1. Open to solvent by less than 10 Å² (accessible area, probe 1.4 Å), more than 19 Å from A:Glu241 (Cβ to Cβ) and within 14 Å of chain B (Cβ to nearest Cβ) - does that describe any residue in the range A:91-99?
2. Which residues, taken from the range A:69-97, are assigned to a strand (DSSP E or B) and over 13 Å from B:Gly80 (Cβ atoms)?
3. From (1) over 30 Å from A:Val82 (Cα atoms); (2) away from ligand 3 (no atom under 15 Å from the Cβ), pick out the condition that doesn't hold for B:Glu265.
4. Any idea how many residues of the range A:194-215 are touching a Gly at 6+ places or on another chain (Cβ under 7 Å) and within 10 Å of A:Gly120 (Cβ to Cβ)?
5. Tally the residues that are open to solvent by less than 40 Å² (accessible area, probe 1.4 Å) and outside any helix (DSSP H, G or I), restricting the search to the range A:24-56.
6. Take A:Tyr8 and decide whether it is within 13 Å of chain B (Cβ to nearest Cβ), among the aromatic types (Phe, Trp, Tyr) and touching a Leu at 6+ places or on another chain (Cβ under 9 Å).
7. Name the single residue, out of those in the range B:319-344 being within 15 Å of ligand 2 (Cβ to nearest atom) and under 12 Å from the mean Cα position of the chain (by Cα), that is surrounded by the fewest Cβ atoms within 10 Å (Cβ to Cβ).
8. Just to be sure, is A:Val52 touching a Leu at 6+ places or on another chain (Cβ under 6 Å) and within 14 Å of chain B (Cβ to nearest Cβ)?
Amino acid sequence: MKNPYLPYPVRIQEIITETEDRNLKTFKLVFLKSEDEAAFSYIPGQFAELSVAGQGEVPIGIASSPTEKGFIMFTVNRVGKVTTYLHNMKPGDVMGVRGPLGNWYPWEEMKGKNVVIIGGGFAFTTLRSSIVWMLDPAHRGDYGDITVVYGARNPGMLLYKEELVAWERRDDITMHLTVDATDDPQWKYNVGFVPAITKEKAPSSENAYAIVCGPPIMIKFTLPVLADLGFPPERIITSLEMRMKCGIGMCGRCNIGTEYVCKDGPVFTMEKLSRLPNEY
Amino acid sequence: MLKIFVTKDNLPNLVGRLMDGATVLGPVKEGEAHRFRPLKKAADLDLSYQNSRLSPKDLVHPHSDAMFAFSLKKDDPEAGILKELPRSADKRLVLGIRPCDAKAFRLVDVNFLTDTYRDPWWEARREATVLVGLGCSRPCRSCFCTAVGTGPFDETALDVLMTELEDGYLLKAVTEKGEALLRDAPQAEAATDERMQKAEGIAEEAARKISKPFVTEPIKDKPQTELFSAEFWEEVQFACINCGTCTYLCPTCWCFDIQDEVHGEEGVRLRLWDSCMFPLFTLHGSGHNPRNQKLQRVRQRFMHKFKYYVDKYGDGPACVGCGRCVQYCPVNIDIRRVVAMMSASCVCPT
Ligand SMILES: Cc1cc2nc3c(=O)[nH]c(=O)nc-3n(C[C@H](O)[C@H](O)[C@H](O)COP(=O)(O)OP(=O)(O)OC[C@H]3O[C@@H](n4cnc5c(N)ncnc54)[C@H](O)[C@@H]3O)c2cc1C
Ligand code: SF4
Ligand code: FES
């Protein structure tokens with residue numbers, strides 16, 4: 001068995017500054033060895049540990065889709081030691097990736113169902129992966145209507161702007177982009193918080209699943225909206241964050257009751273969470 | 001399985017023989033306490049000990065352990081790439097370990113050796129280690145092993161069980177590894193019926209001396225959310241100073257941290273013991289901390305051992321009743337009392 005703590009060596013191919021505050025950067029990484037790319041076989045919703053020798057590791061959701069070949073992609077918010085160091089690295093630098101880790105959104109169970117994706121702020125990373133994956137011709141037929149509500153503080157804080165615009169133009173996905181506030185006359189989409197826009201657009205809960213990722217405050221106010229729309233807790237899915245080290249359920253720090261978020265999560269249904277201690 | 005008897009006078013010869021084939025670790029007196037150390041000579045071994053202050057968990061899960069090495073040299077084409085270090089699997093024999101401490105290794109196996117991932121350091125050291133245990137004929141007042149599914153002469157996690165008789169030791173092989181050890185023991189005498197009967201008597205007498213301050217069964221039936229919101233945590237946590245002594249000494253506390261350490265242009269990725277008693281253990285980069293309060297951390301320790309572990313693995317509890325946390329907690333928080341509250345099965349005299 002492979003040593004589960006040993007990262008695959010990767011090279012930074014490209015770094016894209018996503019947001020106007022320059023706190024979010026997307027890293028496109030390529031594996032130094034092609035067999036490692038094959039071994040790193042992932043499913044949307046999973047995460048990986050990004051490893052920088054001398055700095056440490058950080059768990060980051062995989063933002064690329066398995067249908068995109070030749071690279072993997074992560075969007076990193078600059079908060080502390082490792083993420084700040086990462087932000088100062090350059091294309092061509094060598095680092096490591098360990099994973100894929102954790103569980104994923106329930107793609108098998110959601111087959112034949114409508115999928116409502118609700119995202120806020122920079123928690124849109126694995127949601128991007130999911131959208132790209134579902135829109136791929138190989139998978140689009142497996143799912144019904146795809147509805148997306150995605151919001152950020154202002155237009156400059158949205159991730160993946162070019163793709164958002166491209167998805168807007170498609171007719172096989174319904175996009176509801178929103179910002180908390182803006183004085184930008186170019187902004188032609190919604191203005192308002194994600195829960196309010198979700199309520200206004202009222203995506204049907206019939207035969208549908210909702211995947212909700214965002215800051216805790218957004219989740220807190222979106223859940224009652226979804227309940228009113230008729231989504232039962234078993235069909236509301238979210239992805240959680242905890243401080244992590246090992247990422248494989250061994251170092252003991254990321255548990256919520258019996259569940260290790262790194263291994264038994266990060267994806268949970270609200271039904272499952274309701275049976276766990278409220279400590280996250 | 002093979003049983004032999006070795007007189008006290010002849011024991012050093014047996015220890016000497018064992019030292020030829022493996023590194024032998026045993027209880028050695030250091031200052032006022034005993035600690036498991038590699039024996040330099042047979043006479044270092046002190047089997048008259050009651051138990052070691054630090055649990056022997058560090059023999060398999062060291063306090064600090066290098067995982068990988070890396071270079072940061074500008075001209076090194078491999079700079080920044082983590083390299084595996086040789087994992088030495090030197091044969092080791094732990095002599096005189098208490099049955100409870102050996103059982104702790106079993107309980108922690110469940111965490112490190114899973115169907116999806118296997119921890120290579122834990123696995124290599126576990127496989128290379130033979131456990132020759134010494135039954136407890138004189139248990140401490142703080143022992144409660146029989147309440148948590150083990151006991152002073154529990155052989156289940158051992159390769160050989162030793163029982164001290166007046167004039168020597170009865171050694172009983174429990175596994176094939178243990179049998180191989182005893183087969184060519186020097187100056188072995190027969191484990192006569194009389195000796196075996198004596199050993200049984202000693203084991204029964206010891207078990208009788210150990211208190212059973214709680215029953216764990218009722219805890220299984222309570223939902224984790226109910227125990228989690230119980231009011232008694234407020235009282236339990238009150239005196240705790242979050243020093244981490246309990247988790248440091250505990251043979252089943254395995255939590256660890258991972259840190260990079262750089263010297264000049266070379267570095268290592270280390271793993272180091274950590275503790276759920278420290279706020280940093282769960283602090284997010286954003287500043288949010290799900291276990292910010294002392295109550296939350298104290299509760300996590302007891303809930304993990306007696307509820308989460310049991311529910312998750314259908315085994316346990318993750319406690320062997322060694323009583324170290326009872327003996328060394330500076331504010332006398334007594335796990336026996338806490339578990340009794342969790343199971344609401346009895347209230348111990350305080
Ligand atoms: C499943 C999962 C997916 C995530 N996805 C993303 C993402 O797509 N983009 C993004 O920007 N961030 C994501 N995060 C959060 C990100 O891991 C933390 O912001 C990051 O670890 C902070 O590291 P630091 O060294 O900069 O901070 P410091 O505060 O210096 O933290 C030191 C160390 O503690 C650990 N740590 C600290 N905070 C967290 C945390 N919130 N979660 C996990 N470990 C932590 C890390 O090992 C880190 O190196 C995710 C977290 C999880 C658990
Ligand atoms: S030893 Fe006692 S005071 Fe120290 S952390 Fe443990 S319970 Fe708290
Ligand atoms: S990060 Fe180590 S147990 Fe989850």
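The values are calculated or read from the model by the stated rules, or taken from the named source; none is laboratory data. The model shown is predicted, which means the values in this text are computed figures rather than measured ones. All Cβ positions, glycine included, derive from the backbone under ideal geometry; neighbour counts span all protein chains shown. Surface accessibility is based on the protein's heavy atoms, side chains included, excluding ligands, DNA and RNA. Shrake-Rupley method; radii C 1.70, N 1.55, O 1.52, S 1.80 Å.
1. The first filter runs over the range A:91-99 and keeps only residues open to solvent by less than 10 Å² (accessible area, probe 1.4 Å), leaving A:95-98.
Retained after the next criterion (residues that are more than 19 Å from A:Glu241 (Cβ to Cβ)): A:95-96.
With within 14 Å of chain B (Cβ to nearest Cβ) added as a condition, the list becomes A:95-96.
Yes, the range A:91-99 has at least one match.
2. Quick first cut of the range A:69-97, residues assigned to a strand (DSSP E or B) only: A:72-77, A:94-97.
Result: A:Ile72, A:Met73, A:Phe74, A:Thr75, A:Val76, A:Asn77.
3. Looking at each condition in turn, B:Glu265 falls short on (1).
4. So the count comes out to 4.
5. Here is the first cut: in the range A:24-56, the residues open to solvent by less than 40 Å² (accessible area, probe 1.4 Å) are A:24-27, A:29-31, A:36, A:40, A:42, A:44-54, A:56.
The next check asks that each one be outside any helix (DSSP H, G or I); those that pass are A:24-27, A:29-31, A:40, A:42, A:44-54, A:56.
Number of matching residues: 21.
6. Numbers: within 13 Å of chain B (Cβ to nearest Cβ): yes; among the aromatic types (Phe, Trp, Tyr): yes; touching a Leu at 6+ places or on another chain (Cβ under 9 Å): yes.
Here the answer is yes, as A:Tyr8 does meet what is asked.
7. Checking each candidate, the answer is B:Gly323.
8. Details: touching a Leu at 6+ places or on another chain (Cβ under 6 Å): no; within 14 Å of chain B (Cβ to nearest Cβ): yes.
Criteria not met by A:Val52.
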